[in-house]
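The values are calculated or read from the model by the stated rules, or taken from the named source; none is laboratory data. In this text the structure is predicted, and so the values were computed from the model without any measurement. Methodologically, a virtual Cβ is constructed for each residue, glycine included, from the backbone with ideal geometry; neighbour enumeration extends over all protein chains shown.
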Amino acid sequence: MQALILLYRIVVALMLCVLTACSSVPRPAASSYGCMQAVRAALPVRDYDKRLHCLASAEIAQQCSVIEAYLAGIGKEVSDAFGFGDPEWADWQADRAGVYCGRTQIGNAAVEACCVKAGY
């Protein structure tokens, strides 16, 4: 029983670490939603939709957390489904590519090149 409680505590600690983005990069905001909004507000408006999905997901993955990047992509598509836009599978694919780029690349130029290589 004690081993199960210890395992539970370890899992909770790891989840908190992931959700709070344990990294050396300071978060733009304390809350998940605030962090996502701050990253989105800093993105250039010049790019087309799928590229923005890729770049936004990459930045959220780097500055907030990977979990929050996935949640932002899902949340955007759910809100689109309820009349706030056009829900598209291609948007979710661009979000997933962005999370990959955010996890594997360092620096804006490398992230942008990764999104371009992925087709965005």
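A few remarks follow.
- Hits in the range 103-120 (condition: surrounded by 12 or more Cβ atoms within 10 Å (Cβ to Cβ), of a type in the set (Gly, Ala, Ser) and in a helix (DSSP H, G or I)): Ala110, Ala113
- Test: residue in the range 27-40 that is modelled with pLDDT of 90 or more and among the charged types (D, E, K, R): no
- Hits in the range 66-80 (condition: under 20 Å from Ala30 (Cβ atoms), among the small types (Gly, Ala, Ser) and crowded, with 22+ Cβ neighbours inside 10 Å): Ala69, Ala72
- Residue-level analysis places Tyr100 among those that are closer than 24 Å to Ala29 by Cα, assigned to a helix (DSSP H, G or I), over 8 Å from the mean Cα position of the chain (by Cα) and modelled with pLDDT of 95 or more.
- Qualifying positions in the range 61-97 - closer than 18 Å to Tyr33 by Cβ, among the small types (Gly, Ala, Ser) and part of a helix (DSSP H, G or I): Ala61, Ala69, Ala72, Gly73, Gly75, Ser79
- When restricted to residues that are of a type in the set (Ser, Thr, Tyr) and assigned to a loop (DSSP other than H, G, I, E, B), the range 31-60 contains 2.
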